[in-house]
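The values are calculated or read from the model by the stated rules, or taken from the named source; none is laboratory data. The shown structure was predicted, so the numbers you read here are calculated from the model rather than taken from an experiment. As a convention, Cβ positions derive from the backbone with ideal geometry for all residues, glycine included, and neighbour counts pool all protein chains shown. Heads up: the accessible areas ignore ligands, DNA and RNA and are worked out on the full protein's heavy atoms, side chains in. Shrake-Rupley method; radii C 1.70, N 1.55, O 1.52, S 1.80 Å.
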Amino acid sequence: MAWPNAVRLAVSHSSSPVLWALGELQSSLGKRKIALDADAPFEIALEAAPAELAISDRPESYALFETEGGIGIWGADERGLVYALTELADRVSHAVPGEALFGQFPIAETPTAAVRSIARLFCSEEEDKIWFYDRNQWSAYLDMLASNRINRFSLTLGMGYNYPGHNLWITDVYFYFAYPYLLDMPGYGVEVEGLSRAERQHNLETLQFVARETARRGMEFQLALWTQRYDFDDVPRARQAVMGVTADNLAPYCRDAVAALLTEVPEITGITFRVHVEGGISEGDYHFWEEVFAGVAAAGRPVEIDMHGKGLDYEMLDVARRSGMPFAASPKYMSEHLGLPYHQSAIRNREYPKNPERSDRERISAGSRSFLRYSYGDLLQKDKDYKVIFRIWPGTQRVLLWGDPELAAGYGRSSMFAGADGVELCEPLSFKGRMGTGIPGGRLNYQRQDLLPRYDWEKYRYQYRVWGRLLYNPEAPRDSWMRELRSECGDAADLCERALGLASRVLPLVSIAHAPSASNNHYWPEIYTNISLIPGNNGRAYAFDMEGEARFGNVATFDFELFSSPREYAESLLAGRLDHRYSPLDVADWLEEIAAGVEHALIDIKARRAAGRVSVQRLVIDAGIAAGIARFFAERFRAAIYAEIWLATHVTSVIDTALDYVRRSVTAWEGVAAISREVYDNDITYGPQSWMRGSWHTRLDEIRAEILDIEASRGAVKNYTGAGQGNTTPMTPAVEAALAAIASRRPVAGRRLATKASERVNAGQPFEVRVEGRFDAPPMLHYRHVNQAERWTTLPMMPSDGAFVGVIPADYTESRFHLQYFVTASVDEAAVISPGLAGNLANEPYDTALQA
């Protein structure tokens, strides 16, 4: 198809974001040698959208369509016009000669997630100053974010440490308490020892530049100030000293510094605060926050106060409300990790309130409202007057490429769960060099210099594209992400999409099914620190955050309502019970299937002409590592079942089977290490502890050592029990039945039964769920308010007119919370969850009925 030689742009608009987007389109056309000519017959013009497109007028919507003279563009608002123009620019940039320059028409898109935020963390002076001061980097980075429909950028300072009282850990404090690194506040005498006025001014000017450039592209600029104090006079290893802060002047200093920042940087649209003890302020010290929020209000313009969810209570919400500013709560999406897109149906037992009478500095986050530590808690109430923005922490995957359009679309749908307002992603490489472990030039982790991109984020460009565009519109056309893959990966693009898409499911699935710690600075499944199948041999990274003995099979899941641990599943097998939850064997099967799909795609990629391209090599390496991790965990989940049966019964033949699976898991990790050894650094640093640094190949020895540990423990148990022939414990009927159940097991099926229920619940009225079909026993209805502080209720459904009916009573629906529910059943002796997880793992496995 012939491309026009010249184009006439009939788009007249005075706003900076639209002018920036026009510049992007002009630049793309110029690179294609297409002239801009006011007399050209081919026109790109602002037009009223054709009625047949049925376009939504929701903010940020846009449309592109053919007109008599060329192409018409329409936007519901300024940002909608930006997206229309940048969509055209992106199509031109990636157009293939011989095909249509501007792609296919018409297209009309409207957003799902209202807030689509990316957070970039500064937590290492050695590694982060490089990108912080690089204005060319910022321009390219912000262009990329805005073009991919990210509508908020959060520059995040002071997030590098958890507890300010852990003084010996505190070393690199640059921007930890951010104000004196940016401002001189006359009358307070607060300053950073050794920080020159020139450097402080340079920091402020850089912040002003980033904020200005973010706004120029039509994005909100969020400044996250996570820490309001630490023990300034008792940090013996800190590289710099903050002087002049006292108990008396802290609150007014922070108040006035916030007000000054908002004056100096007028583009700031919101500030994120960590309002629990880890930000340095005792929980319940509402006076401090009244002072600080008064500083926000002093700006004289709407500035959103965003409060991190942990430690948040109703009084704290009211403090923000009384400030007169718009306000938001930002709970963690799933602990400090990236799980599957749905919101976990249940938090861990450890997070349910156990000590509401605590009176120490953590009395809220670890006491009366501990249920808000790692999820949305009770924030999603009907008629709330604040935003809820989920934050996805960077505990699961920091180094490897990620890019699954189906999971990203699932996040787009679930980010608005029960009236929420969107999501913020802590981007790849977040926390790199944390807690003083930065290595000059070490941010990108590669030994192989040929794999280094120009800027750190460029390795992950496809992730930003998939994430931003599918948060914006989960039903986005495939071409919107494939056009970049085709440019980067040539004739291997389709295979690369499949390999990376499948590989990107591995660690989210592992994270939800295996949760030794909620903390991102203890649990890092990507570069996993092994926890043994038997007690006493490992677990130092996790013991503080586990209930009971530290061993693999005893590790909880992040959703015990839908996933069972190896110990729980083994107990069900030995008791002869059918468990409705997804078992570790179901997870193992998923992981093995994913690994096989990745490996087949990688084999085919090697035969493609584009296989030698750097972008393809990076993808092949990372997807290959992910596939090996999938096989490692699949075999460990299987081994753990047999190890748990052995620990409960000491039947020797069972541990022999467990050992076979352990050896297979070691083989899988050896494959991972073989890939990483010549590619990635030996010491990839995300913290000073051994479990937060290292690499895949440096973990190999401890993973291999488990074989010897289990063999030794097996012999010790044999000698201790002295039972049976040759010091073995003989088979028992219970174990025999359990092994037979494993052999004949059918996977737990997630499928939509013939269920009928209203999409709305009327407060004070019974809510009926009806399911049709043939079942081995009456199905069970599981229900709960959308409130993580509560437990689920289960009731048997009763036969009624050829179906089964469960009725949630009227006094339960008399609530300010929405309702969620699912059905479990036994069909032909197999457990079914309805709706359960679909094959792509991207949906919500429960139904939600909103309060009318």
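A Förster radius of 35 Å combined with the Cβ-Cβ distance from Asp494 to Ala48 puts the calculated FRET efficiency at roughly 0.40. With a simple spin-label model that places each label point 7 Å from the Cα along the Cα-to-Cβ direction, the separation between Phe544 and His13 comes to 5.0 nm. For the chain, complete DSSP H runs whose alpha carbons reach 27 Å or more along their own long axis and whose mean Kyte-Doolittle score is 0.0 or higher are 584-605, 614-649, 652-676. Note on the stretch 288-390: with neighbouring protein chains present and a 1.4 Å probe, carbon and sulfur make up 47 percent of its accessible heavy-atom surface.
For the stretch 218-308, the set of GluC sites (Glu not before Pro) satisfying both a DSSP loop assignment and a count of at most 11 other C-beta atoms within 10 Å is empty.
For the stretch 616-684, the Kirkwood estimate of the hydrodynamic radius, built from every pair of different alpha carbons, is 13.2 Å.
Derived from the Cα gyration tensor, the three semi-axes of the equivalent ellipsoid of the stretch 410-488 are 29, 20, 6 Å, largest first.
For the listed residue pairs Lys332/Lys387; Lys332/Lys756; Lys310/Lys382, the alpha carbons are over 25 angstrom apart in Lys332/Lys756.
Note on the chain: antiparallel DSSP beta bridges, both residues inside, total approximately 45 percent of the bridges counted.
Report note on the peptides 128-137, 684-693: ranked by the mean count of other C-beta atoms within 10 Å, highest first, their order is 684-693, 128-137.
In this view, the solvent-accessible surface of Asp360, computed with a 1.4 Å probe and all protein chains in place, comes to about 70 Å².
When the inverse distances between all different Cα atoms of the stretch 375-522 are averaged and flipped, the Kirkwood radius reads 17.3 angstrom.
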